[in-house]
Amino acid sequence: MTELLSTHGLVARYGDFQALYDVDVAIDEGEIIALIGANGAGKSTFLRAVMGLLPVKPDMVSLDGRPIGGTPTDQMVQKGVAIVPEGRRLFTGMSVNDNLRVAIDQVGSRGRKGGWTLERVQQLFPILVEKGRVPVQNLSGGQQQMVSIGRALLCQPRLLLCDEISLGLAPKVIREIYAVLPEIRAQGTSIVLVEQDVGLAKSASDRLYCMLEGRVTLSGRSNDVTREQISEAYFGGG
Ligand code: ATP
């Protein structure tokens, strides 16, 4: 397997508060990894640090083996890393199609050729065809999440960072959304899932990392790690 992105001793701070300590995570091409951990463990901070939203040193993050830590977010997107942010952050007042076209106009047309088109996103989430002209604020939470994922895909990512895409959604909707992840991977996009639902994270990923208080406390193949190992890594061993 070829490594796509990795972090090396990644640290991140909010002012005086250190939120990440020496985090080493690696994602291969074609892989789905999950990042689990309780509230405040540092999962979102990890994604922000990778995306250039927090200051980090160049050699703390590499893409294709080249140091890219601290690269501004828009350039990270051009390099093929896109984020589905916590809370979705859609453009309220704009229709589903216009939300999706923003990504095509701003990134997709001049960026990498990843093969994601409006039609391809609509195949993934057929409900978005019917809702194309509907203002996004009138959609259900699950439909909004589909738009948010579609918008990120239209940036033609090689790596998609998903921040708690199941949060607040009904189990049926969560299943629908998680069901498309293998298709996204099949199109050549690797995925990092930040997820609080451990069962979901385990079943959807090839490997997982557990974080606690800004540190990685467990990593391994998702099929191999036991409930006991996860529980200890999640809550701390005493
Ligand atoms: P959650 O599921 O709540 O998003 P998380 O694992 O993603 O949890 P982070 O949001 O990365 O956790 O937060 C890690 C730590 O950094 C927490 O202690 C949090 O309070 C702190 N933190 C996060 N954002 C900020 C900020 N903007 N300013 C100061 N501290 C922050």
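Output the residue which, of all residues in region 71-102 that are free of Cβ contacts under 8 Å to residues at least 40 places away in the same chain and among the β-branched types (V, I, T), is nearest to V121 (Cα to Cα).
T73
Considering only region 167-199, state which residues are open to solvent by 10 Å² or more (accessible area, probe 1.4 Å) and within 18 Å of Y209 (Cα to Cα).
Result: Q196, D197, V198, G199.
Pick from region 212-230 the residues that are part of a loop (DSSP other than H, G, I, E, B) and open to solvent by 20 Å² or more (accessible area, probe 1.4 Å): which of them is nearest to the ligand (Cβ to nearest atom)?
So, considering only residues that are part of a loop (DSSP other than H, G, I, E, B) and open to solvent by 20 Å² or more (accessible area, probe 1.4 Å), the one nearest to the ligand (Cβ to nearest atom) is E213.
Among the residues that make up region 20-35, is at least one of them under 17 Å from V198 (Cβ atoms) and within 13 Å of the ligand (Cβ to nearest atom)?
Yes, some residue in region 20-35 is under 17 Å from V198 (Cβ atoms) and within 13 Å of the ligand (Cβ to nearest atom).
Filter region 84-105 down to the residues that are over 18 Å from the mean Cα position of the chain (by Cα) and at pLDDT below 75 and list them by number.
none
Considering only residues that are of a type outside the set (K, R) and either near the ligand (Cβ under 7 Å from one of its atoms) or closer than 26 Å to M1 by Cβ (or both), which ones fall in region 39-55?
N39, G40, A41, G42, S44, T45, F46, L47, A49, V50, M51, G52
Residues that are open to solvent by 70 Å² or more (accessible area, probe 1.4 Å) and farther than 24 Å from A201 by Cβ: find the helices (runs of 4 or more DSSP H) completely inside region 1-120 holding 1 or more of those.
73-78, 96-103
Quick check: anything in region 68-77 within 11 Å of the ligand (Cβ to nearest atom) and farther than 27 Å from G141 by Cα?
no
What residue, among those in region 200-211 that are open to solvent by 20 Å² or more (accessible area, probe 1.4 Å) and either within 16 Å of the ligand (Cβ to nearest atom) or hydrophobic (A, V, I, L, M, F, W, C) (or both), is nearest to A41 (Cα to Cα)?
Residue satisfying both the conditions and the ranking: L200.
The values are calculated or read from the model by the stated rules, or taken from the named source; none is laboratory data. Note that the structure is a prediction, hence the values are computed from the model and not measured. With ideal geometry, Cβ positions are generated from the backbone for all residues, glycine too; neighbour counts draw on all protein chains shown. The area values use the complete protein model at the heavy-atom level, side chains included, leaving out ligands, DNA and RNA. Shrake-Rupley method; radii C 1.70, N 1.55, O 1.52, S 1.80 Å.
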